[in-house]
Structure formats: structure tokens, C-alpha cells
Amino acid sequence: MTETLPTARAPRLRPIGRMLAVRVLGTLAILFVLSIVVFSMLHLAPGDLVKTLLGTRPASPEAVAAIREQYHLDDPLPVQYLRWLGGVLTGDFGQSIRLQTSVADAIGSRLGLTLALCGLAFVAAIGTGIPLGVQSAVRAGGVLDRIGTALGVIGLSAPTFAVGLLLLYVFAYYLPIFPVYGGGRGPLDTLYHLILPAITLAAGLGAIVLKLTRTAMLRELDADYVTSARARGIPEGRVRRLALRNAAIPIVTGASLLLTFLVGGTVLAETTYALPGLGTLLQDSVLFKDLAVVQALTLLVSLVIAVIALLADLAYLLLDPRVRAKGGTA
Amino acid sequence: MSASLGAVGVGFRRRRGVPVTVVVCLVVLAAAFLAVVLGPVLYPEATKQDILSSLMPAGSPGHPLGTDELGRDILALTVAGAASALVGPVCVAVGSMLLGILLGTLAGYERGPLDFVISRWTDLLLALPVLLAAIVVSGVFGGGYWTTVALLVLLFSPSDIRIVRAGVLEQSARPYIEAAQMLSLSRWRVMFRHILPNVSSLVITNAMLNVAFALVAFSSLSFLGVGVPPGTADWGRQLTDSRSIMFDNPAAVIVPAVLIIAVACAVNLVGDWLGQRLTRSGGLA
Amino acid sequence: MTGIDVALEGIEGPAGRMVEPLSFGIAPAASLALIGESGSGKTLTAKSLVGLLPPGFRAAGTLRVDGREHRLEQTDASWRAVRGREVSLLLQDPFTSLSPVHRCGPQIAWTLEAKAGRRLPARELEAEVARRLAEVNLPARVARAHPHELSGGMRQRVAIAAALASDPRLLIADEPTTALDASNQAEILDLLRELQHERGMAMLLISHDLGLVRGRTDEVLVMRHGEVVERGDTARVLSAPEHQYTKALIAADPALALDAAVPAEASGHSEASAAGASTDASDAPPLVRAAGVVKRFGERTVLGGVDLDIAAGEIVGIVGESGSGKSTLARCIAGLEREDGGTIAFDGAMLAPGRRSRTPGQMQIVFQDPYSSLNPMMTIGQILREALAVGGRAAAEVPGLLETVGLPADAAAKRPAQLSGGQRQRVAIARALAPRPRLLICDESVSALDVQVQAQILELLGWLREELGVAILFISHDLAVVRRIADTVTVVWQGRVVERGPCARVLDAPVEEYTKLLVAAAHRDRPPRHDHTHSHDHSTDGRTIPA
């Protein structure tokens, strides 16, 4: 199959490029607006700004002056914003008043654990949700489908912390094979400590994946091309792969749902199992009004979400030849 | 799978009546509703502390579900906590639905600059994970229960706006809307008399699902110590308060956790069922 | 024994019996047409022969292929031996019957591998796919194309190649050309006939269109409500139908009517009205005068300066293929689209683009699809009362209005879903008449209806013109329908008027090349009577792929 394509490739690339450019610009615009919102948080927070920034230190006139100097509070707001943005872009998020370290260090030391937790949960959710979703759709109305649907409803409805507390109780009391508290020491021990939190997080994630997969597969299996393939005697296994390949488009499009869930779920799972990750860092910082950390985490999460949404769009382009051709306004 | 089964097809299994699962769910919701209404009457002093009777296990005399470390009766606390756990989510879903109907219909029917502004606004809100935004805003700016409700209405509205807008866009392209335009009917009449009833099944289904999501979000916030002040009777708050006594009185954790899951499941299932019925019958008629 | 033998004992659905017992045989290389309107059970019959009935449906009976017997109620697993090898199915819509995300080559290759029962070497597959594509007159490079990159006709050819890649003994073609343009229809049907002869393969052609099968199948089975009402040699059934229903089908089929000698009544009426219209035009201004109307959608010019006059009480037909701009012109006149250039005048007064400059009493539209042109949430009474109120008329006029369009008064309490397609279209006409418009625009208003209902609606429109004196702008792609109702006809092609004049003159003795092509295409659907001598004289050159 080395012949040339019926249509040349070059003209088709242009609409893709334009679409990508539009999406990237849109993402940047959203991040810009969010950065303003996040910056204003410091000034809009109730209570005296200087007091908040001083934290537990005594409010002597010298200390207040030092703070005003350090944060350039006497500059006009746009200048302060630009200075802050410049710092953010070079990785300088300021100091955590609670931890007395730089925000970057505080985040850096906890990032690994959260990434590991999310990664584990994600793999577990995909690994169970997609096969279960496909099987449920193939035998819609069957026993497996009913069980899958029931699990899916529970997974979607149950808050992460409620699942976590119940699991914690069961595994601490009746089946003490997994650690239920803390982050562990050393990579292997950490992984071991992450098993229960990851299962907790994967319950909700997997339910979303299951529902997306089942719905998409049901629709595809009902499509004419599936009937046509079956009528041509194509084996059922191949027919299902064919349908799954088509169903991949709506499944990937639903990825943003996963992400939204993952962000909130991580905070809850880490809090439930007292894991020293970014989620607990956020919660503690919010309760302590450690604004620099809150600002940094909020921006970081927004950035991750924006980038992943862009990647999902790219995947959509790769998966659907029709969008590629049209330049995708969808 | 014998051939002699006769005329009864698979389609017959879906009868007119209400499935058993849905009946169970409706019973759960009715019980929850009763708890909301009667809770304050039955247990007006549910949050009253009594150190003398602290940490009694379930089954103790006078305290069927035991007490927590502050000596509060778990049964009373749980029944009284229903109001805080459930009223907010319902308000969030209704508020977000109304906002969605208004902005979604305007954006979808009027198109043009108004649509652009509303759509960018929803894009911006959708870029925020609901829980994270709620934690940060509620946590940093404080504010009580109703502030949290208002905040969640704002954060939930994009999904309603998008669903209504998409529904309105789809309906607007239909000939019956063009026929209404041929009659030179006013835009408000076209929007709310002709289009809105035809997207109502989408809106109502989504509102039901939003109740479940809001319930989860609300209890998550109170679990994290945001949104509901300490000492309030509330299921999420109860979980976070009783985590440390889980092994002394497991009922203090298990009962509210199971209740949250059960009510959320019930709302979701009823919502799904309602959605299917409404789409099959073509609307509310 | 060779050939196909079907003994269907019946098909049961959730709502009871859908298809009564029926049997038929098809000799190798022969073909049988199964004709029926929607709901007649023809598609269920087709699907039961590959074991692909929708959930909740069950068939009983036997299918015999060259003496090998298969029970129709067998399990899915046993069906797999039948599908492809014995029977293959070609579906109506080439846009959905191929997987949109896969290239065409693999989709044919899968069938080849399914038949071989094993994976085949890539080189061998590639050569075989190219050969199969050549069989359906497509170049080998189509294998690398995605379905959306091909035209509808080419896609259907790919679907044929895929369906035939397993070399079945019987091909079931379920409305294989309904989704295609008129010019592609004939080519696809002739191609199927050719392939059938080459392979000695039997074919079961399912169609709603009796005119289409003339000369293309050996025998015909006419189905209605799950029962066979007439069967026999195709030429005999078409020329001397025995059953009342078949007669009605033929009589009501406007396409077949085009072939018949022009009825004296119809032609006389056309000429008289046309003459009347021209004398009107000389002194009074026309009811509608569109001059140089231009409409662009983005880069694409849909209307390139179109003129159109409609006299009061006149029926003006506009014909053209889909995409010719005929509907856009009507929508500009109605104000549903804003023209980019030119002028539209009503009763001598200029109308600005858009709905705002127009009143409901000037013009109303009846749309194509009766299922979506009524608000499903309102009762018929509510729909009509609203329209009457707009025209300043009382709600009490609802029963009278319903009577005008031939509906009983109790229809007012019903919702659109409770009415048939034809009844809904009558309601749509009643709504359009409520503000007493001077012009009624019918945009493909009968295209979505069954032939018999189509005839009734056409009759109603003719009567309305006589009784109410309303002018009608009648848009259709179907020359025969326009022929039956319009006084004058305007032929539109690529956003321009090609030809216009009295209906009989333009359609019987066209002057312009394009009109001749259109008329010829309408006739080519129904080849001359002596079927078997029918040769493959494609008037258009073979389709080539845009490089």
C-alpha cells in the first residue's frame, strides 16, 4: 500500500494548524484570566493583607514595613501583578508562611507522591473500566452488565472520602493487609502505602470510564457499519475492535471529566489516608490561609488541566479522520 | 433461546410500571425528605454535648447508635444532619438549572455577541475543577452555608448552560421553529413557549444528576472543614469529626458514610430513570 | 438443486406478528425485488435472512442455499457460517455502512480474511483488494482513502466491493440507491446487475420504489403490512397489476405517471392557467418579484442572481437537484435567509432582507419533513389557535380550518405524535393557511410522504388554489410531481435559472441541455419496456476520482 493518497496531504494540514493555533490561544487566554483571578485572591481575601502575610510573626512597625517592602505593596496593582507573574514564570512562587520554605520546595517535595497516586488510580481505572464497559455493552442486559451498571452508579455517586473511610475501616479492622495511614518510607513502601488510596480514587474514576465506554460502545454497536460488517461474516472479535476504535473518539473526549474528578478526588483521598501529597498541602494551606501556596497550587492545577485538555483535542484529531479533513469546528 | 417461546419479545420486559430499583430509591429519598422535615422537630438539641456519655458504642441504652467523643447521640446527629447535607445540594441544582435555562436559552437562540460572551464565560468556569475552586474560594474567603450554595450554583451552572444551549440550538434549526418565525411570533414566545418545553427533559434530567453531584461536593467540602462551621449537624462534618473514633464507635462513621452513598445513588438512579422516560415519551406531556 | 429458497414462517416483534409466512426462490444470477412502503416488513424480511434482526424480533423458517439448509432461528454462532459466505447484505446508506475512522482497503480486506478464515499476507491482500475495487470500477488508490473522502456513489461501490469480497451466493440489497443522487442510482443498480451475472449470484433487491425495479429484476414481490399481496414477473406486474394495492402504487407513483401519456385534463389546465397568468402579468405587478437575488454561504455562492415572478393565484414550480439553490431562493423570499444582493418585492413594495420586514399574511411555508415541522409539545388545537391569533382570527375557526385541509375536528385535541405523516402535513398546511397568506411556499412538501399520501396532498394544494386563490411556489427535485401541479416551471442549476416556461413545454420539450439531462435522468430510472435488451449506455462518462 505505497500508492499516493487520493488527496494530497498538504492542504489538509492547514486547517489542523489553524485549529490548533486557535485552541492554544484560547488556552493561553483562559490561563491569563485565571492568573489575574489568582493574583487578586491575595488582595480580595478578607482581613488585613499585611497581617495575613505576617502569619504568626509579631506585627511590629519594622516587620510591617519589611513586609510592605518585600511584597512591593506600595506599587500600583498592575505593577505588582506583572512582578508576581514574572516570578511565577521563572518558578518563584514566593514563601510559604506556614512551612517557612519556598513554595516551589514545598510543592516539589510532595509532587511525587501525588503523581504516583494519580498514576496508579488512572491505570487501575482504565484497566478495569474499559474492558468492563466493552463487555457490558456487548452483552447489554446480561448479568455482567447489571453488575457493571450497579458498580458504576455506586462509583459515580459515592464521594471519594466516604468510600475511603469505609475501605479504611474494612482494611484496618477485618483485613489488615494494607497500610491505612501515612505515606511510607522509600519508593516501594510508598507504593505499598498508596494501594488503598489508589483503589479509593480508582472507584470513582473507573465508574466514569465504565459509563463512557459502555455508552459509546452501545451506540457504535448499533451503527450500520457494525451490522454491515457482521453481515459480511467478519468475526465478532474483529467487529468489536472495529466498534471500540470508533468508540475511542467519545471516550477520549470525556477525558476532561476524569481530570476534574481526579483533582478533587486526590485532595479527598490524601486527606482520608493522611498522605503528605499536594492535596493535603492545599487543604492545610487553605485552612491556614497560606495564600502563596494556594495561589501556586491553583495555577499549577489550572495549567495541568489546560495542557491535558489540549492533548485530548490532539488525540481527537488523531483518532477522527473526519475532523482532520474538516479542520474541526466541533 | 428455544424457538417455541412465541410472540413475547424482549421489548416487553420494559413495562409501563416503575422498576423495583426505582421504587427502592424513591423510598430512600422519601425517608431522607422526612429526616429533613422532621429532624429539627425530633432532635432539636442534636448537637448538644454531654461529656458524661461520651464514646458509647452502638447498642448502648438510650443511644442505639452510640455517641461520639463529645457525647453527642449519633442517631440524633445523623437525623438532624440530613437538612444540612441535603437542602444545600437541592438548592444548588435548582439555582444552577434556572441560571442555565436563562443564559443557555439566550445564548442558543440569540446567537451573536451574547452567545460569545456566555460561551466564553462557561469555558472559563469549566476550566476550573469544581471541588478545587470551591475549596479555595470557600476556604480563603470564608462565608457560611449559603455562600457555599451560591458558589456551587455558579460552578455548576456551566453544565446546565451548555446543555440548554445545545438543546436550544438543535431545536432552533427545526422547521417548527422556522414555522413560528413565519408567524412573526415574539422572540420570548418562541424561546419560552416553543423551545423550552422541548428541552425540558434534558434540563430536568441534568438537574437530578446535579443534585447527586452537589451532594457529593457539599459533603466533600464539609469533610474538608470548609463550608459548614464546626459543631453543625451535617453528615460530611460528622465523618471528619468522627474519623479518630472510628474504632471506638464505628457507627459514627459508617452510618453517615452509607447514608451519603445511598442518597446519592438513589438520586442518580431516579434521575437516569426519569431521563429515559422523558426522552421516550418525547417530553413532559 | 442450485439457487436460493426461502420459506419464512413468520417474524414476531415486541408488538406482535410483523411478517406473515412467505416463501420465494431465486435462481442463480436471477433477481427478485421485494417492494413495499415503510412498515411493510420488507427490511425485517431481509435482516432475518442474515440473522441480524433487531433485539426483540424473532424469525422462524428456513433458508436454503444451493441445497444447504439453514434455520432462521439458529444461534448467532451458527449464523457466522452463513453470513458472508452464503448471504451478504448491502445497506441503504453508504455514509454509515462503512466505518468512518478506517480506510476503505482494510474494510474490504477484513471480509477477505473472514472468508479465508485466517490472516493473509499483506501483499496478497493488497492485490486482492485492488482487484475487488477494479471490479466495481474504482482505482486501487481508493483503498487508502477514508470513506468521507469519497462521493456517495463511490462509497456505495466500496460497500458493494466489501459485501461481495466473501463471494456470497445471495446478495441482499436493502434500498441500495435511496441515499444517492439520481445519476448515481442507475449506475449502481446496473453495476449490481452486471456483477450478479458475472458471478452467477442471486440478488434480493429491497425497495419502496416500484419504478426503480422495472427492467432490473426478474420477479417482483409486493408486500403490505407484512403480507405478500402480489407476485410475478416484473414486466407483468408493472403492466398488468392484479391486486388493488399494486394498482394504487402504480397509479399514485408520480414517477411512473411521467412516462404515461400526458392526461388531457392536466395539460389543458396547465396551458389555460399559464395563459391566464401571462395576461395578468401584463397589467398588474406580480405578487412576488425577485430580481437578481444573490446569496452566499461563506465562500460558496448559492444563488448567483436569480429572477423570479409569481403572479397572484399562480402555481410556480422550481426544479433542480439538491444543492442547486432552489430552497435557498424560497427561504430568501420567505425572509428566513437574508439575501446578499438583489431585490424582493411583494405586491409592488420592496421587502428588506429578513423576517422583520414581512408579515404573516404575506406568505407562509410548508416544510418537507412533517415530523419536525410541528411542535411536539403542543396539541394541534394549540398550534392552530396560535396561528389564527396571528392572523387576527378567532379560536373558534379551528374546526373549519381543519375541515379545509380534510381533517376531522377532533384532531384538535391530538398531539403531532398521534398523527400520520400525511395528517401532519395537512396540519402544517392548515397552520400556514391560518393567517390567510397570499403566497404559500411548499419546500419539498410532499417529498417525505408515501406515494398515495403524496397524491392526496397534491390534490389538496390544487383545490386550495382554486378555492382560496392562493399563489403557490412549489419546490421539488421530482419533475413528475411538479408536472402534476405547476402552471409554470423554473429550472435552477448551480444558483442560476437555466430555463423557464409553461410546465408542459419545459418538461416535454426542453430547450436547454441541463433540462434535457434532468428529464433524461428522470426517465432513465425507468428504462424502456423491453427489459432484457436494455444495454449499458451510460450517458454520463464513468465516474473518476478527483486526484
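How large is the dipole of region A:10-96 about the Cα centre if only Lys and Arg carry +1 and Asp and Glu carry -1, each at its Cβ, rounded to the nearest 20 debye? Write out the running numbers ahead of the final one.
On the way: 8 positive and 6 negative charges, 157 e Å.
Computed about the Cα centre, the dipole is about 760 debye.
Volume per residue, Å³, of the convex hull around the alpha-carbon atoms of region A:110-320?
134
How big is the equivalent ellipsoid of region C:57-129 along its three axes, where each semi-axis is √(5λ) from the Cα gyration tensor, reported in whole Å from largest to smallest?
Working: eigenvalues 149, 59, 21 Å².
After scaling each eigenvalue by five and taking roots: 27, 17, 10 Å.
Residues of region A:115-163 losing 50 Å² or more of accessible area relative to the isolated chain, 1.4 Å probe, heavy atoms only?
Relative to the lone chain, where solvent access is computed with a 1.4 Å probe, region A:115-163 loses at least 50 Å² at A:Val153, A:Ser157, A:Pro159, A:Phe161.
Do me a favour and compute the ellipsoid semi-axes for region A:235-313 from its Cα gyration tensor, root of five times each eigenvalue, largest one first, whole Å.
Semi-axes, largest first: 37, 15, 7 Å.
Can you give the three extents of the C-alpha atoms in region C:343-395 along their principal axes, from longest to shortest, in whole Å?
37, 28, 15
Total accessible area buried between chains A and B, 1.4 Å probe, in Å² to the nearest 100?
Working: alone 18780 and 15350 Å², together 30700 Å².
Buried: approximately 3400 Å² between B and A.
What percentage of the solvent-accessible surface of region B:20-281, computed with a 1.4 Å probe over protein heavy atoms, is contributed by carbon and sulfur atoms? Spell out each step's value before the answer.
Numbers: 7270 of 10250 Å².
Carbon and sulfur: 71 percent of the exposed surface of region B:20-281.
Using a 1.4 angstrom probe and counting only protein chains, how large is the accessible area of B:Lys48 in Å², to 10?
That residue has around 130 Å² of solvent-accessible surface.
Compute the whole-percent fraction of alpha carbon pairs in region B:202-274 spaced more than 18 Å apart.
Roughly 45 percent, rounded to a whole number.
Can you tell me the relative contact order of chain B? Whole percent, Cα pairs under 8 Å, sequence separation 6 or more.
On the way: 393 pairs, mean separation 72.6, N = 285.
Answer for chain B is 25 percent.
B plus C alone minus the pair: what accessible area, both sides summed, probe 1.4 Å, in Å² to 100?
What B and C bury together is about 2500 Å².
Report the Cα-based extents of region C:152-209 along its three principal axes, largest first, to the nearest Å.
Principal extents (largest minus smallest coordinate, Cα): 28, 22, 15 Å.
Probe of 1.4 angstrom, ligands and nucleic acids ignored: what's the accessible area per residue over region A:171-330, in square angstrom?
About 39 Å² of surface per residue is accessible.
For a quick size check, give me the Cα extents of region A:10-96 along its three principal axes, largest first, whole Å.
68, 24, 23
Based on the Kirkwood radius over alpha-carbon pairs, what value in µm²/s does the Stokes-Einstein equation return for the translational diffusion coefficient of region B:163-243 at 20 °C and 1.002 mPa s? Could you put the intermediate results ahead of the total?
Working: Rh = 15.7 Å.
Once the numbers are plugged in, D ends up at 137 µm²/s.
Work through the residues other than C:Arg231 whose Cβ is under 14 Å from its Cβ and net out their charges, Lys, Arg +1 and Asp, Glu -1.
Charge balance in the 14 Å sphere: -4.
Give the residue from A:Thr272, A:Thr200, A:Ala247 lying farthest towards the positive end of the charge dipole for region A:110-320; charges sit on Cβ (+1 for Lys and Arg, -1 for Asp and Glu) and the dipole is referred to the Cα centre.
Selected residue: A:Ala247.
Semi-axes, largest first, in whole Å: what does sqrt of 5 times each Cα gyration tensor eigenvalue give for the protein assembly as shown?
62, 37, 30
Distance between Cα centroids, region A:151-228 to region A:48-119: provide it in whole Å.
Result: 36 Å between the Cα centres.
Mind checking the per residue accessible area of region C:383-510 for me, 1.4 Å probe, whole number of Å²? Intermediate values should be presented prior to the final figure.
Numbers: 4730 Å² over 128 residues.
In whole numbers, region C:383-510 has 37 Å² accessible per residue.
Taking the mean number of other Cβ atoms within 10 Å as a proxy for protection, how do you rank C:54-63, A:203-212 from highest to lowest?
Numbers: C:54-63: 18.5, A:203-212: 24.5.
In decreasing order of mean packing, C:54-63, A:203-212 become A:203-212, C:54-63.
For chain C, take every pair of Cα atoms, bin their distances at 10 Å starting from 0, and report each bin as a whole percent.
Over chain C, the share of Cα pairs per 10 Å bin runs 3, 16, 24, 24, 18, 11, 3, 0 percent.
Under 22 Å from the Cα of C:Lys295, which lysines turn up, not counting those fewer than eight places away in the same chain?
Output for C:Lys295: C:Lys326.
Using Cα positions and a limit of under 15 Å, work out the aspartates and glutamates in reach of C:Lys115, with same-chain residues fewer than 8 apart set aside.
A:Glu236, C:Glu86, C:Glu124, C:Glu128, C:Asp167
How big is chain B in terms of Cα radius of gyration and Dmax, in angstroms?
23.2, 77
What whole number of Å gives the distance from the Cα centroid of region B:226-240 to the Cα centroid of region B:55-107?
Centre-to-centre distance over Cα atoms comes out at 9 Å.
Quote the total accessible area buried by chains A and C together, excluding ligands, DNA and RNA, probe 1.4 Å, nearest 100 Å². Could you put the intermediate results ahead of the total?
Working: alone 18780 and 24130 Å², together 39860 Å².
Summing both chains' loss of accessible area gives about 3100 Å².
What FRET efficiency do you get for B:Asp50 and A:Leu300 if R0 is 56 Å and r is their Cβ-Cβ distance, rounded to the nearest 0.05? Let's see the in-between values first.
Values: r = 45 Å, r/R0 = 0.81.
Using R0 = 56 Å, I get an efficiency of 0.80.
I want the antiparallel fraction of DSSP beta bridges within chain C, as a percent rounded to 5.
Values: 48 of 85 bridges.
Restricted to chain C, the bridges split so that about 55 percent are antiparallel.
Using the per-residue mean of other Cβ atoms lying within 10 Å as a proxy for protection, in what order, highest first, do the peptides A:306-315, A:106-115, B:76-85, B:244-253 fall?
Highest to lowest by the protection proxy: B:76-85, B:244-253, A:106-115, A:306-315.
Under 8 Å for C-alpha pairs, at least 6 residues apart: give me the relative contact order for chain C, rounded to a whole percent.
14
In nm, to one decimal, how far is the A:Asp284 label point from the A:Val307 one, both placed 7 Å along Cα→Cβ?
Reported label-point gap for A:Asp284 and A:Val307 is 2.5 nm.
So which aspartates and glutamates pass the test for A:Lys289, namely a Cα distance under 14 Å, with those fewer than 8 places away in the same chain ruled out?
Straight-distance partners of A:Lys289: A:Asp48.
Ignoring ligands, DNA and RNA, what percent of the 1.4 Å accessible area of chain C is carbon and sulfur?
Reported share for carbon and sulfur atoms: 51 percent.
Mind putting a number on the dipole of chain B about its Cα centre? Charges go on the C-beta only, +1 for Lys and Arg and -1 for Asp and Glu, and I need it in Debye to the nearest 20.
Here chain B has a charge dipole of around 1280 debye.
Once you put a point 7 Å from the Cα of B:Ala166 and another 7 Å from the Cα of A:Ser109, both along the Cβ direction, what distance in nm separates them?
According to this spin-label approximation, the distance is 4.5 nm.
Tell me, what is the 1.4 Å probe accessible area of C:His148, in Å² to the nearest 10?
C:His148 exposes around 50 Å² with every protein chain in place.
Can you compute the label reach from B:Trp121? Point 7 Å from Cα along the Cβ direction, backbone N cut-off under 18 Å, restricted to region A:17-44.
A:30, A:33-34, A:37
How far apart, in nm, are the 7 Å Cα→Cβ label points at A:Val33 and B:Arg187?
If labels sit at A:Val33 and B:Arg187, their model points lie 2.2 nm apart.
The values are calculated or read from the model by the stated rules, or taken from the named source; none is laboratory data. Please read all numbers here as calculations on a predicted model, not as lab measurements. Cβ: placed from backbone, ideal geometry, glycine included. Neighbour counts: every protein chain shown. We work out accessible area using only protein heavy atoms, side chains counted, and drop any ligands, DNA or RNA first. Shrake-Rupley method; radii C 1.70, N 1.55, O 1.52, S 1.80 Å.
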